[in-house]
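Single-structure report; data block below.
Rule-based calculations on the coordinates, nothing more; no lab input. Remember, predicted model here, so these are calculated numbers, not experimental data. FYI the Cβ positions are ideal-geometry reconstructions off the backbone, even for glycines, and counts take in every protein chain you see.
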DNA sequence: ACAATAGTGTCTCTTAGACAATATCGA
DNA sequence: TCGATATTGTCTAAGAGACACTATTGT
């Protein structure tokens with residue numbers, strides 16, 4: 001009665017060498033078996049409560065990661081995108097610290113810089129591009145990038161993360177003012193980053209209340225006009 | 001093989017009496033036959049190129065409207081939202097001038113203020129709420145509201161539209177500066193709004209290049225902090 | 001002339017960015 | 001002490017909002 005292929009795909013992103021990377025997996029089934037593609041698969045009505053749950057399951061099964069942040073990106077559909085026929089994929093995106101991927105220890109996961117993705121099966125290159133655009137845009141007015149950091153981090157580190165995503169330097173004073181205003185991080189009392197040959201930096205952590213929700217601002221981080 | 005119900009739903013909105021309204025239709029099939037709900041229905045793989053085309057078809061068939069602006073909102077899914085079983089609905093939203101709905105002449109279309117929607121079948125109330133939030137948010141930094149105006153309009157009229165959507169007054173000077181900066185409207189040479197007992201206002205129209213694309217700004221229209 | 005709203009000039013206040021001064025570590 | 005980077009203070013410039021003034025219509 002219903003001849004539509006229903007899938008979810010997840011764009012798992014992280015920061016490595018100060019550049020945004022996307023996680024790809026070699027496909028083990030046709031079509032496009034053997035080619036790297038986004039982790040994804042069929043929605044299983046029997047076991048998935050909704051598409052969000054399906055995406056979380058896919059991420060867990062294929063990469064071993066349980067991401068705190070997993071947001072719906074958009075739905076991609078059409079007759080041409082899958083050689084098997086009319087298909088529909090609900091795409092999600094997740095941001096995690098690099099260590100989390102290492103620790104999950106799924107060696108078949110490969111990380112590719114988002115600007116080096118090139119051709120991918122289906123319309124996955126298109127989905128990745130949409131995800132990157134969403135992350136860039138959302139990072140400019142929210143706390144989204146903290147999900148790329150570990151449990152604790154210094155403000156200069158966090159600023160470097162923002163700069164890596166946005167692709168341009170941010171004024172230090174403005175950045176600190178903005179973080180203050182967003183009120184999303186708090187200093188870890190007494191914890192400093194030591195070992196460097198210079199003044200130690202205060203360690204911060206994400207406030208509990210924002211562990212799965214973003215902190216938003218109506219004024220972008222850097223407005224060049 | 002695939003037991004997922006695939007549908008699209010459209011949140012068609014307009015401005016009436018300076019308030020945002022949503023178009024609802026009485027359902028003529030079960031489930032919830034007879035109740036007002038969003039225009040929507042099954043995706044037809046045979047005739048719809050993708051979900052966007054399906055949404056446009058739905059809007060055309062059920063309301064007689066061909067909206068210049070039709071954007072994907074999000075996908076709503078789950079086991080519980082439809083009594084028939086696990087379902088997935090790709091939701092779209094459209095903004096049109098009130099006259100366009102009148103002129104289409106589908107009398108079964110009823111307009112309800114978005115804050116008076118109350119209970120609706122499926123999770124349609126939820127979808128409407130998401131659409132309203134999206135429109136409010138997007139209106140604060142883009143030319144989205146011009147789709148609610150007719151072919152030509154005065155700047156005070158347009159400002160009133162923005163104020164109706166955002167729910168708060170906007171500074172007149174700032175608004176005009178912003179419209180200038182967005183560069184999305186152009187004066188219609190020599191055309192003025194006459195007949196009122198005061199100085200006539202210049203008529204404007206949307207620039208050709210923005211007829212189906214938004215003009216964006218990185219600084220919100222009104223920032224209260 | 002008067003009421004009413006359109007359109008513009010300008011002042012002030014807020015906020016972003018530049019710059020620089022101070023602080024604190026390891027070597 | 002020196003080199004390096006963290007953190008903070010302050011000045012300047014750009015943009016937003018307040019206010020008021022001028023313009024143009026119908027009555």
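Against chain A, whose longest principal axis comes from its Cα atoms, helix A:124-139 is set at around 30 degrees.
Inter-copy label distances at residue B:136, shortest first and taken from points set 7 Å along Cα to Cβ: 3.0 nm. With each label modelled as a point 7 angstrom along the Cα→C-beta vector, the residue A:125-residue B:207 pair spans 3.1 nm. Inter-part distance, region B:142-180 to region A:98-149, computed on C-alpha centroids, equals 37 Å. Using C-alpha pairs below 8 Å separated by at least 6 residues, the relative contact order for region A:68-225 is 21 percent. Label-point spacing at residue B:30 relative to the other copies reads 4.2 nm, in ascending order, each point sitting 7 Å out from Cα along Cα→Cβ. Of the residues A:48, A:218, the one with the fewest other Cβ atoms within 10 Å heads the list, and the complete ranking is A:218, A:48. Specify the inter-centroid distance of region B:23-37 and region A:1-67, based on alpha-carbon positions, in whole Å. The two parts, judged by their Cα centres, are 36 Å apart. Shielding value for A:43-53 is 5, the average number of Cβ atoms from other chains within 10 Å of each residue's Cβ.
Take every DSSP beta bridge whose two residues both sit in region A:5-139; close to 70 percent of them are antiparallel. For chain A, what does the alpha-carbon gyration tensor say about shape, rounded, prolate or oblate, given a ≥ b ≥ c as the root eigenvalues, a/c under 1.5 as rounded, and a/b over b/c as prolate? Verdict is prolate for chain A.
Averaging the sequence gap over all C-alpha pairs within less than 8 Å and six or more residues apart, then dividing by the number of residues, gives region A:5-139 a relative contact order of 32 percent. Shielding by partners for peptide B:88-95, expressed as the average number of C-beta atoms from other protein chains within 10 Å of each residue's C-beta, is 2. Please work out whether the protein assembly as shown counts as rounded, prolate or oblate from its C-alpha gyration tensor, where a ≥ b ≥ c are the square roots of the eigenvalues and a/c under 1.5 means rounded, while otherwise a/b larger than b/c means prolate and anything else oblate? Because a/c hits 1.5 or more and a/b fails to exceed b/c, the protein assembly as shown counts as oblate.
An oblate overall shape is assigned to region A:144-210, the ratio a/c of its alpha-carbon gyration tensor axes (a ≥ b ≥ c) being 1.5 or greater and a/b not exceeding b/c. Note on chain B: with a GNM built from Cα contacts shorter than 10 Å, the maximum mean-square fluctuation among B:196, B:116, B:16 falls on B:196. The mean count of C-beta atoms from other chains within 10 Å of the C-beta of residues in B:69-79, rounded to a whole number, is 5. For chain A, modelled as a GNM whose springs connect Cα atoms under 10 angstrom apart, the maximal fluctuation among A:121, A:39, A:200 occurs at A:200.
The residue of chain A whose Cβ sits closest to the rotation axis that maps A onto B, together with that distance in whole Å, is A:75, 2.
Would you mind telling me which residue in A:65, A:170, A:127 has the biggest mean-square fluctuation in a Gaussian network model of chain A, where springs connect alpha carbons within a distance under 10 angstrom? Between A:65, A:170, A:127, it is A:170 that shows the largest mean-square fluctuation.
Among beta bridges identified by DSSP and lying wholly in chain B, the antiparallel ones come to about 80 percent. Mean projection of the Cα convex hull over all viewing directions, computed for region B:5-139: 7.8 nm². Quote the FRET efficiency, to the nearest 0.05, computed for residue A:16 versus residue B:35 with a Förster distance R0 of 60 Å and r equal to the Cβ-Cβ distance. So the FRET efficiency works out to roughly 0.70. Label-to-label distance, residue A:112 versus residue A:44, with points set 7 angstrom from Cα along the beta-carbon direction: 2.7 nm. Plainly put, the tip 7 Å out from Cα toward Cβ on residue A:113 is 5.5 nm from that tip on each other copy, the closest given first. Using r as the Cβ-Cβ distance of residue B:199 and residue A:69, and R0 as 41 Å, what FRET efficiency do you calculate, to the nearest 0.05? For residue B:199 and residue A:69, the calculated efficiency is 0.15.
When only C-alpha pairs under 8 Å and at least 6 residues apart count, what is the relative contact order of region A:144-210, in percent? It comes to 37 percent, rounded to a whole number.
Under conditions of 37 °C and 0.692 mPa s, region A:107-225 yields 205 µm² s⁻¹ as its translational diffusion coefficient, taking Rh as the Kirkwood radius over Cα pairs in the Stokes-Einstein equation.
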